[in-house]
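Here's the structure we're looking at; comments come further down.
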């Protein structure tokens with residue numbers, strides 16, 4: 001079957017790979033219809049992705065069709081359209097027992113730790129498929145991206161009418177924005193790229209935006225009537241992550257959604273004085289997928305602005321290097337399989 005494999009940094013190869021093996025208990029065979037491209041894939045292409053080995057078949061944002069299910073799978077049938085939860089957990093460790101499957105001690109993510117969905121067909125655990133009779137395959141390929149932001153908002157336990165700052169107006173930051181708005185928060189978005197902020201204002205009904213500069217904190221204070229009570233950093237950039245600490249109000253929360261390789265530091269006296277709560281947010285859980293699909297089906301989430309670029313199987317090798325070019329204005333690229 002047709003497969004796109006990342007052989008080494010900067011080197012894709014279109015090749016033929018073997019068909020999936022016979023289904024085991026609890027498994028489903030799926031046809032890959034749409035694959036979303038995210039920062040994880042771009043970092044892998046650039047050779048900057050932690051926890052990564054080459055060669056690897058990328059692809060973890062998937063809109064798929066069920067082709068076949070194992071005899072013991074009763075909640076799915078051929079022809080159903082699904083989003084794929086790409087986080088394969090063990091169900092045996094302490095985090096799994098607590099329902100924190102995203103923190104599984106032996107977690108394997110499709111397209112990162114093991115081969116993913118940039119191929120025609122793949123076998124996955126049936127419990128990782130989330131069906132919809134309404135959403136398109138393109139919309140279902142967006143669910144995983146949105147789930148990252150949804151999970152981060154859950155980590156902060158937002159109250160309505162809180163003042164929130166989202167640092168980083170990429171797909172993950174915009175996902176956090178959507179769910180902060182659904183909780184009734186007043187949201188400011190901050191980025192170094194004015195074009196991204198303009199896009200954010202035009203398409204996501206954000207309350208205010210701030211382009212990083214010398215007067216950034218003053219602008220944030222003016223809108224929030226003081227510093228925001230919850231700050232979400234979606235940059236994965238060391239300097240931004242450390243600066244985000246300065247934007248949090250006393251007794252507030254800082255949630256790191258993005259991550260990078262280096263140590264993150266902050267002034268201990270300020271941390272103690274403000275009694276800030278600092279959280280990490282990793283991936284998402286099954287409940288996030290179910291909620292998002294329900295909200296999308298009800299029309300609470302508008303997916304129309306998200307897909308800014310479409311790629312075909314045959315041109316992904318040539319087009320992929322352009323996706324990280326700021327001049328291209330990519331928010332979300334989708335590959336059509």
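The angle separating the long axis of helix 286-298 from the principal Cα axis of greatest extent in the chain is about 90 degrees.
Roughly how tilted is helix 137-156, in degrees to the nearest 10 and between 0 and 90, from the longest Cα axis of the chain? Helix 137-156 and the main axis of the chain meet at about 40 degrees. Note on residue 246 and residue 11: with the Förster distance fixed at 45 Å, the Cβ-Cβ geometry gives a FRET efficiency of about 0.65. Rounded, prolate or oblate: pick one for the range 110-154, where a ≥ b ≥ c are the square roots of the eigenvalues of its C-alpha gyration tensor, a/c under 1.5 means rounded, and failing that, prolate if a/b is larger than b/c, else oblate. Oblate, since a/c reaches 1.5 and b/c is not below a/b. Taking label positions 7 Å along the Cα-Cβ direction at both residue 97 and residue 268, the computed distance is 3.4 nm, reported to one decimal.
For the chain, averaging the sequence separation of C-alpha pairs within contact (under 8 Å, six or more residues apart) and dividing by the residue count gives a relative contact order of 17 percent. Rounded to the nearest 10 degrees, the angle from helix 194-204 to the longest Cα principal axis of the chain is 70 degrees. Highest mean first, the peptides 298-305, 119-126 sorted by other C-beta atoms within 10 Å per residue fall in the order 119-126, 298-305. In vacuum, with every alpha carbon of the range 149-280 counted as one equal point scatterer, what does the Debye formula give for log10 I(q)/I(0) at q = 0.10, 0.15 Å⁻¹? Two decimals, please. At q = 0.10, 0.15 Å⁻¹ the computed log10 ratios are -0.26, -0.61.
Note on the chain: helix-only mean residue ellipticity at 222 nm, from DSSP H runs of 4+ residues weighted -39500 (n - 2.57) and normalised by residue number, equals -8000 deg cm²/dmol.
Which whole-angstrom value gives the distance between the alpha carbon centres of the range 292-337 and the range 240-273? Value for the Cα centre distance between the two parts: 31 Å.
Computed as a quarter of the hull surface, the mean projected area of the alpha carbon convex hull for the range 263-337 stands at 9.4 nm².
Rounded to the nearest 5, the antiparallel percentage of DSSP beta bridges internal to the chain is 55%. Taking 52, 12, 289 in turn, the Gaussian network model of the chain (Cα-Cα springs below 10 Å) assigns the largest fluctuation to 52. Translational diffusion of the chain, estimated by Stokes-Einstein from the Kirkwood radius over alpha carbon pairs at 37 °C in a medium of 0.692 mPa s, is 159 µm² per second.
The distance separating the Cα centre of the range 101-148 from that of the range 208-237 comes to 33 Å. Put a dot 7 Å past the Cα of residue 280, heading toward its Cβ, do the same for residue 136, and the two dots end up 3.7 nm apart.
A short reminder: the numbers here are calculations on the coordinates, not readings from a lab. Just so you know, these numbers come straight off a predicted model, no measurement behind them. Cβ atoms come from the backbone with ideal geometry, glycine included; neighbour counts cover every protein chain shown.
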